[in-house]
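The structure appears below as structure tokens.
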Amino acid sequence: MKKQVLFMSAAFVCAMAAFTSCSKIDNPSGDSGTGTGTGSDDVPGQTIRVLTFEDADWKAGTNYLGQQYWSTLIDYPQYGGKMLAPTEATTPAYNWSDDGNTFLAHIIIGGLFDDNQYYYGGHAVSNYSELDLSKGTYENQLAIPVATGHNGSKNFCVHFGSSTMMGIAPYLYFSDDVARVIDHMYVIPTTYTLNSIINGDGYTKSLVSQKGSLWITATGYDADGNETGSVQFDLCKDGVYVSDWTKFDLSALGKVVMVVFDMDGTDKGDWGLNTPAYFAYDDVAVQF
């Protein structure tokens, strides 16, 4: 982990410029994310390990809270909980690691006051579901607009962050410092994001009525901090949006030790992106 933290600031600077050079990919046509019970897809010549966020697949020993299993990393309440909004300077930064399986990891670190708050940007484990879009507000920031995680699972992870807002784009890295190909993941807008996309509110514009767009940019980095490539996924394009788990192909990034995820869109103001910069992801497949 130390190696990634040393160069992550440079990675964020690169990520802030990544929009200008990334290559756009189309959303997989008709792929709602069906697969096996582990969420894995066949890749010829490769063994695939999948980060599922399911307690049954936990292999990492104890987490930073001294507990086991992914579910112990789900904060309550969704907004203002003690894990994602620590009030004490001595509170450890929220983090998780899939050691013993994919070795993918994440840590919420930094912010304007180095207080490691989720609202600066981060990836939080969740199992919250809210199908009523009228309840899609920041108070339900960790909820998805469908009943379950990908492929009927219980848990998943929620990204928040955009370099256009806070200057921070959250990232995943390999805790054992080994470069690997992250083959794909499944993504979906959160309830909060989808409500904004469809309906807008007093602050955001409806991307549907405006025929606007919202996208994710994933940028890979090698062990020396060099960019390996970028790929883009459209959560909404010209007013047409994703509303179910959909495959996001990351294999074009090649072997990476870190991937930075950023969000941008057409509804922007003086403080950057107006549309809520949230999406959920699940079943992250890694080539071994």
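Side notes on the structure shown:
- Beta carbons closer than 6 Å, at least 6 apart along the sequence or on distinct chains, pair a first residue in region 109-138 that is more than 12 Å from Ile168 (Cβ to Cβ) with a second that is open to solvent by 50 Å² or more (accessible area, probe 1.4 Å) and of a type outside the set (Ser, Thr, Tyr) for Asn127/Lys154; Ser129/Ala147.
- Check on Gly239, touching a helix residue (DSSP H, G or I) at 6+ places or on another chain (Cβ under 9 Å), free of Cβ contacts under 8 Å to residues at least 40 places away in the same chain and not acidic (Asp, Glu): yes
- In summary, Ser129 fulfils each of the numbered conditions (1) of a type outside the set (A, V, I, L, M, F, W, C); (2) open to solvent by less than 20 Å² (accessible area, probe 1.4 Å); (3) at negative phi with the single exception of condition (2).
- Of everything in region 80-93 that is exposed (fewer than 13 other Cβ atoms within 10 Å of the Cβ) and β-branched (Val, Ile, Thr), the residue that is farthest from Val178 (Cα to Cα) is Thr87.
- Those residues of region 94-105 which are open to solvent by 30 Å² or more (accessible area, probe 1.4 Å) and either part of a loop (DSSP other than H, G, I, E, B) or touching a helix residue (DSSP H, G or I) at 6+ places or on another chain (Cβ under 8 Å) (or both), in sequence order: Asp99, Gly100, Phe103
- Search result, residues across region 149-168 that are at pLDDT 95 or above and of a type in the set (A, V, I, L, M): Val158
- If only residues of region 62-79 that are over 15 Å from Ala143 (Cα atoms) and assigned to a loop (DSSP other than H, G, I, E, B) are counted, the one that is least open to solvent (accessible area, probe 1.4 Å) is Asn63.
- Restricting region 245-288 to residues that are of a type in the set (Lys, Arg) and over 18 Å from Thr219 (Cβ atoms), the residue that is most open to solvent (accessible area, probe 1.4 Å) is Lys268.
- Which listed residue, of Leu65, Leu131, Leu142, is under 15 Å from the mean Cα position of the chain (by Cα) and hydrophobic (A, V, I, L, M, F, W, C): Leu142
- Some residue of region 80-93 being polar (S, T, N, Q), at pLDDT 95 or above and not in a helix (DSSP H, G or I): no
- Looking only at region 106-136, and only at residues there that are in contact with a helix residue (DSSP H, G or I) (Cβ under 6 Å, 6 or more places away or on another chain) and of a type outside the set (A, V, I, L, M), the one that is nearest to Leu84 (Cα to Cα): Gly111
- Some residue of region 235-244 being of a type in the set (S, T, N, Q) and surrounded by fewer than 24 Cβ atoms within 10 Å (Cβ to Cβ): yes
- Top-ranked residue in region 199-242 [being in a loop (DSSP other than H, G, I, E, B) and of a type in the set (D, E, K, R); ranked as modelled with the lowest pLDDT]: Asp201
- Hits in region 153-174 (condition: in contact with a Pro (Cβ under 9 Å, 6 or more places away or on another chain) and open to solvent by less than 10 Å² (accessible area, probe 1.4 Å)): His159, Gly161
- Some residue of region 200-210 being under 26 Å from Ser153 (Cα atoms), open to solvent by less than 20 Å² (accessible area, probe 1.4 Å) and out of contact with any Asp or Glu (no Cβ under 8 Å at 6 or more places or on another chain): no
The values are calculated or read from the model by the stated rules, or taken from the named source; none is laboratory data. All of these numbers come straight from a predicted model, not from anything done at the bench. Using ideal geometry, Cβ is built from the backbone for each residue, glycine included, and neighbour counts are taken over all protein chains shown. These accessible areas exclude ligands, DNA and RNA; they are computed on the full protein's heavy atoms, side chains included. Shrake-Rupley method; radii C 1.70, N 1.55, O 1.52, S 1.80 Å.
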